[in-house]
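For reference, the structure is listed below as structure tokens.
The values are calculated or read from the model by the stated rules, or taken from the named source; none is laboratory data. These figures come from a predicted structure and were not determined experimentally. Just so you know, the surface numbers come from the protein's heavy atoms only, side chains and all, with ligands and any DNA or RNA stripped out. Shrake-Rupley method; radii C 1.70, N 1.55, O 1.52, S 1.80 Å.
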Amino acid sequence: MRRPAPAAAEKEPNAWGQAVAAVALFAALGAALWLGPRLVPADDGSTPQAAAASCPGAEDEELPSAYRHTARAVTGEELCKALNRSGLARLLGTPAETATSASGTSNTAPLTGGRVAQPEAEVRFDTYTVNVSATYNKLSIAQYVKLMEFGDETDVRTLSVLGRPAVPFSDHTMRIEIDLGGSASGGPVEEGPLARTLSVALGGQDRGGYCDITVWSTSGVLPADSALLDIAGTVLPAIAGPAA
């Protein structure tokens, strides 16, 4: 999503357009969760590391223009390194596990014509998968909460994380089966396991843009919200807020 000032020549979607994009985003994210990220081989050294998988290096291709036009936007690689730290498994309550894969992509938000930077990172463990994305748009957490209240959410509560407004919520991931045998058509979209997400404003003044920390497991069991808060506390310092 976005936050800082976009290029003068580019017009950003209106508030309701951003709201719709925000709703569509989670659905797109849910689908992506099941498509599987790029796998990175685990370190086979004699001393096990808390994060066995390492983040991929910088991509050869040029970043989307949204990143050049968005001040202080992090890349997928930077977001992956902020997430894939040695204490992540401990924060999830599974300290004995090591990461099996780590990935980072420098995407743009759906329904924005490539104008909104949306880097994403994902780290997988045997028990849990953690996905973090930063959306540099003008949608504030306050607006996001109002949008949730118009929907099916019946227990919307706001929190404060590092002085930034935040809101937790739950939703199901989505699973898409793709035929790799050459068929142009894929399988039906199916509902995946329940995921827990914490959306946090990119800045304390909530001027727009937010970070989503999402955790889920194939068993459907979710960690306590305290795990999401702890993960947010380690990742958010690496994500700059809106430019002044």
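Just the number please: accessible area per residue for the stretch 189-244, 1.4 Å probe, all protein chains included, in Å². Numbers along the way, then the final one.
Working: 1970 Å² over 56 residues.
Accessible area per residue, the stretch 189-244: 35 Å².
Quick one: accessible surface of Asp225, probe radius 1.4 Å, all protein chains present, in square angstrom to the nearest 10.
Looks like 40 Å² after rounding.
To the nearest 10 square angstrom, what accessible area does Thr105 show with a 1.4 Å probe?
My reading of the accessible area for Thr105 is about 50 Å².
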